[in-house]
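Right, one structure below, let's go through it.
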Amino acid sequence: MKKLFTIALVLLTMQQAFAKEKILLKVLYVGYKPEKPMPADVVYYSTSATVVAKMYQTRMADFKAFLESHFQEVKTVDVRDYTAEMSNGVDVTIMDAGPVKLPADFSRPMILMHAMAPNVGLPIGLKFDWYCQCLDDEALNIKTTHAIFNAPNKVKLTMQNKPTPGSFFNGHQGAKTPKSMPMWQVVKGDLPAGQKYLIGMVSHGEGFEDSPDAEVISGGVCLKNAEAVALGRQGNYFMWGFSGSPDYMTNEAKDVFVNTVCYIKKYDHKPAIVKKVQIETRTSIDEKIYRISRALYDKAIVSRKVGNERLLKLQKELRDKKDAGEDIGKGNEQFLKMPVTNAMESFEDYLKTQAGDALFAKFGTNTALYHQYFRENYEYFYPANAYALQLDADAAQMKKSNRKPAILEHCITMLERKQDEAMARRVLLRYTNESFATAAEWRNWFNTNKQKLFFTEAAGFKFIVNTFGQSGQQNKSASVSLTEKTSAQITGSTIEDPVAVSAKLVYGQNTNTARLYIDAAILKGWHTYALLPDDSPFIPVKVLLELPEGVSIKGEWQSSPSVPFPGYEGVFIFDDKATFSIELSLVNVKPGSAISCGMSYQTCDENKCFPPGKKMVDIKI
């Protein structure tokens, strides 16, 4: 009996020791419960539907077991049952599924996994925007001294020098980018072929750290540039852009994830103080200088010809297989019909796209004059809208940088001296969110807050007072978020909505047949994806068609030509326009019926992407 008591006492002591090792935090995991049907728009993303289905079944249990081994208390809830009030009963919430809508004043610590970062961040104006759902398995440009690598777990990161992602060379930073970079494995990289894990998310890095409420901790291997953010924080939210659940994380990544849960707890009730309203930042001027180049234009012509030659070769190989009786699959059947064109806009039109008609009228094809103009006026650009900058003639006349507080003091002095008061007021209103009536009020505000002012391009090129972490303090901010700007109903392609979709029916000799045309007008400088390699995370155009009773398809879809995308082997895009057409039989159609048609797509330019979109139009027959 005494022996049994001793064994029980030892076991109890071991259990207590184990319990003491657990971190005294309460964690809520929000995901998908596999008992519920998988929604059509599941937030997990992979090039393999099989992988997504598997993760839906296993991911919540994986996280639950992992978190329970490290934290005092762990709760799980299906996102469809989650409410923001549930986060009040825990220390940290891990948001791993969507959709979810959080109130603008939500201030509890939260980790946003992969695509949940922009899904949550965009509606409330966080800097976690949708740059690209194309994050791979390694982190790079890492701030290794950051707390998430050092406490409570001291993690010695295993860094390996690997080739730099090719996309990092596709812009103005390319000339200074090394051929290889130290990288840290976050998601296990030894998965069997065809079982690639879910794809992660990156946000724009430009302007991310220009406010005291935000920090970039690492970038990652992705199909965008080196500035892309994979790990970052703004206010009480932490973006964990990598997709791996614990079973797929490296041991080092598991320890860092535990540290991240502990780290974000420090920002309880410390919400963001700026709202992101500006995508285009001053780095776009660097990009313009880089792209206004005859050599780059000539290189694009060569790249297009080489890419088209590759396309024709692939089509021939598929045609040979088909002629030999081999089933090449539906996707490849469509690939065979893709027309090829080497046509490209003239150098003059290329310059107009890059610099605009007004500057082209001044400088023509003299690229040196464009470069001189942009460099001389670099400190004077400010937003024309969320996606474009314009020259501030007032700042240029003053010869005052619009991102240094001296411009504000200069304007206040002008008001005090009654010198060009109209211009002084314009500039003060342009670069602050204040609207004082008198020079004395402006002076008092400036002198009181001078040491706490910071300039943020992400929030609209504004000087803002740093109130981060001060209870009950909120800054005035722009009233329109990026989501609100881009969700407006706009006719025609615009900078806020670069793809306009329309459709028409062209009848044959009688009304028994008609050809349906679906057109996408794509804004200059933007593109959608036509053909992609099997492992590409980009999203190709998909034609959508809903036919009423009595209407049937005759023949096969035809499309306008696509063109190779420079710098991305095997990627073909539609730029300027995309047209899809198919013949329809209307013999048995009922009068008054309507065809619903359109397309789903992803649209990007050289530096930015919008979240995947879908547009439908109805045509009465």
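The values are calculated or read from the model by the stated rules, or taken from the named source; none is laboratory data. Computed from a predicted structure; not experimentally measured. Here Cβ is always computed from backbone atoms with ideal geometry, including for glycine, and neighbour counts include all displayed protein chains.
Things to note:
- Residue match in the range 152-169 (condition: loosely packed, with under 14 Cβ neighbours inside 10 Å, of a type in the set (Val, Ile, Thr) and assigned by TED's automatic domain parsing to the domain that holds TYR56): yes
- You will find that of ILE264, ILE217, the residue that is modelled with pLDDT of 95 or more, at negative phi and in a strand (DSSP E or B) is ILE217 and no other.
- The range 254-270, residues that are in contact with a Gly (Cβ under 7 Å, 6 or more places away or on another chain) and crowded, with 21+ Cβ neighbours inside 10 Å: TYR267
- Filtering the range 67-84 to residues that are farther than 16 Å from MET116 by Cα and either assigned to a helix (DSSP H, G or I) or over 28 Å from the mean Cα position of the chain (by Cα) (or both) leaves LEU67, GLU68, SER69, HIS70, PHE71, GLN72, GLU73, VAL74, LYS75, ASP81.
- If you check LYS476, LYS504, LYS462 for being over 21 Å from TYR387 (Cβ atoms) and modelled with pLDDT of 90 or more, only one passes: LYS504.
- Every residue from the range 533-556 that is among the aliphatic types (A, V, I, L, M) and part of a loop (DSSP other than H, G, I, E, B): ILE539, VAL541, LEU547, VAL551
- Selection status of ALA393, assigned by TED's automatic domain parsing to the domain that holds GLN372 and either touching a strand residue (DSSP E or B) at 6+ places or on another chain (Cβ under 7 Å) or within 30 Å of ASP605 (Cβ to Cβ) (or both): yes
- Taken together, the residues in the range 101-126 that are in a loop (DSSP other than H, G, I, E, B) and in contact with a strand residue (DSSP E or B) (Cβ under 7 Å, 6 or more places away or on another chain) amount to 5.
- Of everything listed in (1) assigned to a loop (DSSP other than H, G, I, E, B); (2) at pLDDT 95 or above; (3) surrounded by fewer than 17 Cβ atoms within 10 Å (Cβ to Cβ), the single unmet condition for GLY189 is (2).
- Filter pass, GLU280 being under 28 Å from GLY205 (Cα atoms), buried (at least 17 other Cβ atoms within 10 Å of the Cβ), of a type outside the set (Val, Ile, Thr) and in contact with a Lys or Arg (Cβ under 9 Å, 6 or more places away or on another chain): yes
- Taken together, the residues in the range 514-529 that are in a strand (DSSP E or B) and modelled with pLDDT under 90 amount to 0.
- Residues that are at pLDDT below 95 and either in contact with an Asp or Glu (Cβ under 7 Å, 6 or more places away or on another chain) or among the charged types (D, E, K, R) (or both) within the range 223-246 comprise LYS224, GLU227, listed in sequence order.
- Verdict on VAL563 being part of a strand (DSSP E or B), in contact (Cβ under 8 Å) with a residue 12 or more places away in the chain, buried (at least 16 other Cβ atoms within 10 Å of the Cβ) and in contact with a helix residue (DSSP H, G or I) (Cβ under 7 Å, 6 or more places away or on another chain): yes
- Filter result (at pLDDT 90 or above and either closer than 30 Å to TYR290 by Cα or aliphatic (A, V, I, L, M) (or both)) within the range 587-621: ALA594, ILE595, MET599, TYR601, GLN602, THR603, MET616, VAL617, ILE619
- The set of residues in the range 85-100 that are surrounded by 15 or more Cβ atoms within 10 Å (Cβ to Cβ) and in a helix (DSSP H, G or I) comprises MET86, SER87.
Here's the yes/no breakdown for (1) under 27 Å from the mean Cα position of the chain (by Cα); (2) farther than 28 Å from HIS204 by Cβ:
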{"site": "THR341", "(1), (2)": "no, yes"}
{"site": "MET344", "(1), (2)": "no, yes"}
{"site": "LYS352", "(1), (2)": "yes, no"}
{"site": "GLY356", "(1), (2)": "yes, no"}
{"site": "PHE363", "(1), (2)": "no, yes"}
{"site": "HIS371", "(1), (2)": "no, no"}
{"site": "TYR382", "(1), (2)": "yes, no"}
{"site": "ASN385", "(1), (2)": "yes, no"}
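- Test: ASP129 is within 24 Å of LEU67 (Cα to Cα), among the acidic types (Asp, Glu) and buried (at least 24 other Cβ atoms within 10 Å of the Cβ): no
- Residue in the range 77-90 that is in contact with a helix residue (DSSP H, G or I) (Cβ under 7 Å, 6 or more places away or on another chain), farther than 22 Å from ARG233 by Cα and modelled with pLDDT of 95 or more present: yes
- Verdict on MET414 being among the hydrophobic types (A, V, I, L, M, F, W, C), under 30 Å from GLU496 (Cβ atoms) and touching a helix residue (DSSP H, G or I) at 6+ places or on another chain (Cβ under 6 Å): no
- Test: residue in the range 331-346 that is out of contact with any Phe, Trp or Tyr (no Cβ under 8 Å at 6 or more places or on another chain) and at pLDDT 90 or above: yes
- Among the residues making up the range 268-283, those that are under 24 Å from the mean Cα position of the chain (by Cα) and part of a loop (DSSP other than H, G, I, E, B) are PRO271, ALA272, ILE273, VAL274, LYS275, LYS276, VAL277, GLN278, ILE279, GLU280, THR281, ARG282.
- Set side by side, the residues THR58, THR47 differ, and just one is β-branched (Val, Ile, Thr), within 29 Å of ASP535 (Cα to Cα) and either in a loop (DSSP other than H, G, I, E, B) or in contact with a helix residue (DSSP H, G or I) (Cβ under 7 Å, 6 or more places away or on another chain) (or both), which is THR47.
- Scanning the range 585-616 for residues that are surrounded by fewer than 20 Cβ atoms within 10 Å (Cβ to Cβ) and either basic (Lys, Arg) or not in a loop (DSSP other than H, G, I, E, B) (or both) turns up SER585, LYS590, ALA594, SER596, SER600, GLY613, LYS614, LYS615, MET616.
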